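The values are calculated or read from the model by the stated rules, or taken from the named source; none is laboratory data. Note that the structure is a prediction, hence the values are computed from the model and not measured. So basically every Cβ, Gly included, is an ideal-geometry build from the backbone, and we count neighbours across all protein chains shown. Surface accessibility is based on the protein's heavy atoms, side chains included, excluding ligands, DNA and RNA. Shrake-Rupley method; radii C 1.70, N 1.55, O 1.52, S 1.80 Å.
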Amino acid sequence: MPRWQKAYVIATCALIAAVFAYAASDWGQWPRLTYLPLTGELTLHPPPGAIAITYLGTVAWGLGGAAVGALIGVALCAATRKPWPDRALHLLGAWAITAILLAGGYFTWSLWPW
């Protein structure tokens, strides 16, 4: 397998997993690292009614997803030593673009004033 294909497979797998973890942590209300700016604390369980910034925890979930996705990409590259067909590479790229569009759509919809 050429080096560019390995890099492409690992990067697209990391991107897909990162976007999934980033959006799923918000949608599923997974425990996130939360910053309480009034007290300067970092916590996983903010008190009710507190001013809390959850962005750090959401980004941490995304980075963890990227790490897991990269490991999956490495495993896929190790499982097959021959070059991947163009159709499989196009499909993997399409999944990466679709993941970004779906997550972007989810966060755009969650900001909608209903």
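Between Glu41 and Leu36, the built amide H atoms are under 5 Å apart, and every one of these is 5 or more places off in sequence or on another chain. A Förster radius of 22 Å combined with the Cβ-Cβ distance from Trp109 to Val68 puts the calculated FRET efficiency at roughly 0.25.
Can you give the net charge of the other residues whose Cβ lies under 11 Å from the Cβ of Ala52, counting K and R as +1 and D and E as -1?
On the way: positive: Arg32; negative: Glu41.
For residues surrounding Ala52, the net value is 0.
Taking Leu111, Leu15, Leu36 and ordering them by how much accessible surface each has at a 1.4 Å probe, largest first, produces Leu111, Leu15, Leu36. The residues of the chain expose on average 69 square angstrom of accessible surface per residue, using a 1.4 Å probe on protein heavy atoms. Compute the angle between helix 3-27 and the longest alpha-carbon principal axis of the chain, please, reported from 0 to 90 degrees and rounded to the nearest 10. Taking Cα atoms only, the helix is inclined about 30 degrees.
Considering only the other residues whose Cβ falls under 13 Å of the Cβ of Leu76, what net charge follows from Lys and Arg at +1 and Asp and Glu at -1? Kindly include the intermediate steps, with their values, before the conclusion.
Numbers: positive: Lys6, Arg81, Lys82; negative: none.
That sum, taken over residues with Cβ under 13 Å, equals +3.
As an exercise, identify the chymotrypsin sites (Phe, Trp or Tyr not before Pro) in the stretch 1-105 lying in DSSP coil whose Cβ has no more than 10 other Cβ atoms within 10 Å. Working shown, then result.
On the way: sites: Trp4, Tyr8, Phe20, Tyr22, Trp27, Tyr35, Tyr55, Trp61, Trp95; in loops: none.
The qualifying sites: there are none.
When the chain is treated as a Gaussian network with alpha carbon springs shorter than 10 Å, the biggest mean-square fluctuation among Ala75, Ala50, Ala23 belongs to Ala50. Of Ile53, Ile16, Ile100, which has the largest mean-square fluctuation in a 10 Å C-alpha GNM of the chain? Looking only at Ile53, Ile16, Ile100, the biggest GNM fluctuation is shown by Ile53.
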